[in-house]
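The structure appears right after this line, and notes come after that.
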Amino acid sequence: MSATQTRIALRNCGVIDPESINDYIATDGYDALAKCVFELKPEEVVDVIKKSGLRGRGGAGFPTGIKWETAMKTPSDVKYVLCNADEGDPGAFMDRSVLEGDPHCVLEAMAICGYAIGASQGIIYVRAEYPLAVKRLQIAIDQAKDLALLGDNIMGSDFSFNLRLYLGAGAFVCGEETSLMNSVQGGRGEPRIKPPFPAVAGLWGKPTNINNVETYANVAAIIRNGWEWFRSFGTEKSPGTKVFALAGKVNNVGLVEVPMGTPLRTIIEDIGGGIRNNRRFKAVQTGGPSGGCIPAEHLDTPIDYESLTSLGSMMGSGGMIVMDEDDCMVNIAKFYLTFTAEESCGKCSPCRIGNQRLLEILTRITSGEGEDKDLSELDELGNIIKDTALCGLGQSSPNPAISTLRFFKSEYIAHVRDKKCPAGACIKLVGFKVLPEKCTGCTVCARNCPVKCISGKPKQVHSIDQAKCIKCGACMEKCRFKAIVRG
Amino acid sequence: MPKLLSWEDLKSYRSEIKGESSLLEPDSGRVLLAVGEATCGIAAGAKEVEAVLAKEIAKRGVNAQIIPTGCFGYCYAEPMVEVRKAGEPSVYYGYVTPEVAKSIVKRHLVEGRILEDNVLHLEVEAE
């Protein structure tokens, strides 16, 4: 069933007791840190990470080694190591699983990074909505300090590294690195223009390395096994593996780690066990509110950063939501825009106003009030927002609308011209009708209609008053003869 | 707890604690029951399952130890219990109810019979 999975970031998840440092040490834990501190120079550590080709697993895929190198080379008395554990995409739970299942692997990697870039302080920015992850991280930090694996003079060496947690208050934009740093400094969670990049001037203006949880989860394994080993997985440009949170209409919902370059089809059909209830696959949404929807004809696309971007989606942090024929793509785009419009921090106008306008257009279309010009406006406005927004949130928020418009244009046209929702999901465009040849006149539908808009005598064909109908679907659900259908 | 003041300290600490960890040494005769207890597992009832396993182990005097772990990744099949015996491939049970948990101890651990109906067939290439 899951023979195609390869676990590097999740190597200890489900294997060890996350609240026991002994369990982590028994699986060669903290050996990578010891190797760095006692055998490697900081620049050698950076070199291994650079050669491994590890890229940021939080979404954008920036080469981790280059970030580390920049932070290392920027002179400063104080530097910081940050971990972005502000996982906020709807349906994504990769980072939570790593933190809950193997917290020490993140701590060890952050200490290694601290040694490499010359930082003695680290902060994990974790959402307060992850109480179990917070608890296990704190236990792990305390245990590591007790054994002198963190704190002052790690393992008797000259290297000191202290770690603490910072709880995020749940703003989606704080997953964006400059907003995250503003939040840690006690300011509003608002982004700023880059450059300067955090590796040059980050937290409190000091050189700061910030990586995502899953990126750190790969580091100790790379140091222990070598960059050549890491490169033996995945593709030339995207080495290693990627963790995905598989959700939606698949049979096997769960956490999946596969080598980069694995086709989408393998994840959905082989590992995910196909679509629930024998329905037909329609699209897969990757990258959360920043990503797009990929249709069936592109299911054989290998998963790597560039391929997903070329399809108008993105790797994102690894959320993967599978949709079937009952999902309306216009409605899905509206769902994500509702999310981003609400989560926009409001600092720049393209994101603050533009996303609101996009949402209004989508709301019109799904309510049957759309016009032809709405479609071109959606595309034009979406691209303007992408080009002009201040941070990653706004630069990617139109993706769900743009990608569904690209791959599912006929569905948009059906909403706009025919005032029909082919998937039957947009409640204002759905109607119900009685099939006279099947109706037995049993009166069950009339008795269950909450607005009493179904009339007919017992044992005679019933009819629905379309003007009064609120489109709740109760009649269709209750009919034992399948005599009521959408249409 | 001792302070580890060199790489050697870490290595010797590792060999000391290995026998009590979640790793199984060959021929140790230990049996471990790993219960997936990330948020997903707990929400599906893993804590109840763990309590039943602990009670049954004590009642039947079985030499087994429970390891609460993170997420196995198979969220659809939670709660999950993995039976690890030295020298044998692990057996993964999915959709474990308190009743199934009772049977795991009685049939699998005491009588040595695997509960075929509840086994999830998983193969993962490890690190």
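All of the numbers you see were taken from the coordinates with simple rules; none came from a lab. Note that the coordinates shown come from a computational prediction; the quantities given were computed from them, not determined experimentally. Glycine gets a Cβ as well: all are built from the backbone with ideal geometry, and neighbour counts include every protein chain shown.
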**Request:** Could you grab the Rg to Rh ratio for the stretch A:431-486? Cα atoms only, Kirkwood for Rh.
**Result:** 0.89
**Prompt:** Between the stretch A:1-76 and the stretch A:400-435, what is the C-alpha centre distance in whole Å?
**Reply:** 46
**Asked** Nearest 0.05, what FRET efficiency do residue A:310 and residue A:51 give at R0 = 25 Å with Cβ-Cβ as r?
**Response** 0.45
**Prompt:** List the GluC sites (Glu not before Pro) in the stretch A:340-436 that DSSP assigns to loop (not H, G, I, E or B) and whose Cβ has at most 15 other Cβ atoms within 10 Å. Which are they?
**Reply:** A:369, A:371
**Request:** Pop a pseudo-label 7 angstrom from the Cα along the beta-carbon direction at both residue A:276 and residue B:65 and give the gap in nm to one decimal.
**Result:** 3.9
**Asked** If the chain between residue B:107 and residue B:119 were fully stretched, how many nm would it gain, using 0.36 nm times the residue separation less the Cα-Cα distance?
**Response** 3.0 nm
**Prolate/oblate/rounded call for the stretch A:329-418, Cα gyration tensor, a/c under 1.5 rounded** = prolate
**Prompt:** Looking at this model, which pairs from A:420/A:459; A:334/A:419; A:242/A:373; A:242/A:409 are more than 28 angstrom apart at the alpha-carbon?
**Reply:** A:420/A:459; A:242/A:373; A:242/A:409
**Request:** Please list B:29-35, B:78-84 highest first by mean number of surrounding beta-carbon atoms within 10 Å per residue.
**Result:** B:78-84, B:29-35
**Message:** Assuming 0.36 nm per residue, please report the length gained on full extension of the stretch residue A:438 to residue A:78 beyond their Cα-Cα distance.
**Reply:** 121.9 nm
**Item:** Within the stretch B:22-120, percent of DSSP bridges classed antiparallel, to nearest 5
**Value:** 60
**Prompt:** How about residue B:85: which aspartates and glutamates have a C-alpha closer than 16 Å to its C-alpha, ignoring those fewer than 8 places off in the same chain?
**Reply:** B:20, B:25, B:27, B:111
**Fill in**
Ordered by fewest other Cβ atoms within 10 Å, a rough proxy for footprinting exposure, A:132, A:149 read A:132, A:149
**Request:** Please work out whether the stretch A:21-231 counts as rounded, prolate or oblate from its C-alpha gyration tensor, where a ≥ b ≥ c are the square roots of the eigenvalues and a/c under 1.5 means rounded, while otherwise a/b larger than b/c means prolate and anything else oblate?
**Result:** rounded
**Item:** Ranked list, fewest to most other Cβ atoms within 10 Å of each Cβ, for B:121, A:415, A:298, B:108
**Value:** B:121, A:298, B:108, A:415
**Fill in**
One finds, for residue A:459 and residue A:325 with R0 = 41 angstrom and r their Cβ-Cβ distance, a FRET efficiency to the nearest 0.05 of 0.70
**Request:** Have a look at the DSSP beta bridges in the stretch A:248-377 and tell me what percent are antiparallel, nearest 5.
**Result:** 90
**Asked** For residue A:188 and residue A:451 in the same chain, what is the full-extension length gain: residue separation times 0.36 nm, less their Cα-Cα distance, in nm?
**Response** 89.9 nm
**Fill in**
Across the stretch A:21-231, qualifying lysine pairs (alpha carbons under 16 Å, at least 8 places apart or different chains) come out at 13
**Fill in**
By the Cα gyration tensor axes a ≥ b ≥ c (a/c under 1.5 gives rounded; else a/b larger than b/c gives prolate, otherwise oblate), the shape of the protein assembly as shown is oblate
**Request:** Would you calculate a helix-derived [θ] at 222 nm for the protein assembly as shown, using -39,500 (n - 2.57) for each DSSP H run of n ≥ 4 and dividing by the full residue count, to the nearest 500?
**Result:** -10500 deg cm²/dmol
**Item:** Reachable aspartates and glutamates from residue B:11, criterion Cα separation under 12 angstrom, eight or more residues apart if same chain
**Value:** A:28, A:31
**Message:** List the trypsin sites (Lys or Arg not before Pro) within the stretch A:245-351 that DSSP assigns to loop and that have no more than 14 neighbouring Cβ atoms inside 10 Å.
**Reply:** A:279, A:280
**Prompt:** Which angle from 0 to 90°, rounded to the nearest 10, does the C-alpha axis of helix A:64-73 make with the longest principal axis of chain A?
**Reply:** 40
**Item:** Rounded to 10°, Cα long-axis angle of helix B:46-60 versus longest principal axis of chain B
**Value:** 90
**Request:** Write out the GluC sites (Glu not before Pro) in the stretch A:161-260 meeting two conditions: DSSP loop, and at most 16 other Cβ atoms within 10 Å of their Cβ.
**Result:** A:236
**Prompt:** Taking the simple approach of a point 7 Å from Cα along Cα-to-Cβ for both residue A:152 and residue A:352, what is their distance in nm?
**Reply:** 4.7
**Fill in**
Taking placed amide H atoms and a strict 5 Å upper bound, the residues 5 or more places from residue B:66 or on another chain that come that close are B:33
**Prompt:** What is the antiparallel percent of DSSP beta bridges lying wholly in chain A, to the nearest 5?
**Reply:** 55
**Request:** Mind jotting down the distance between the C-alpha centroids of the stretch A:249-284 and the stretch A:104-182, whole Å?
**Result:** 34
**Prompt:** Listing A:465, A:304 from the residue with the fewest other Cβ atoms within 10 Å to the one with the most, what is the order?
**Reply:** A:465, A:304
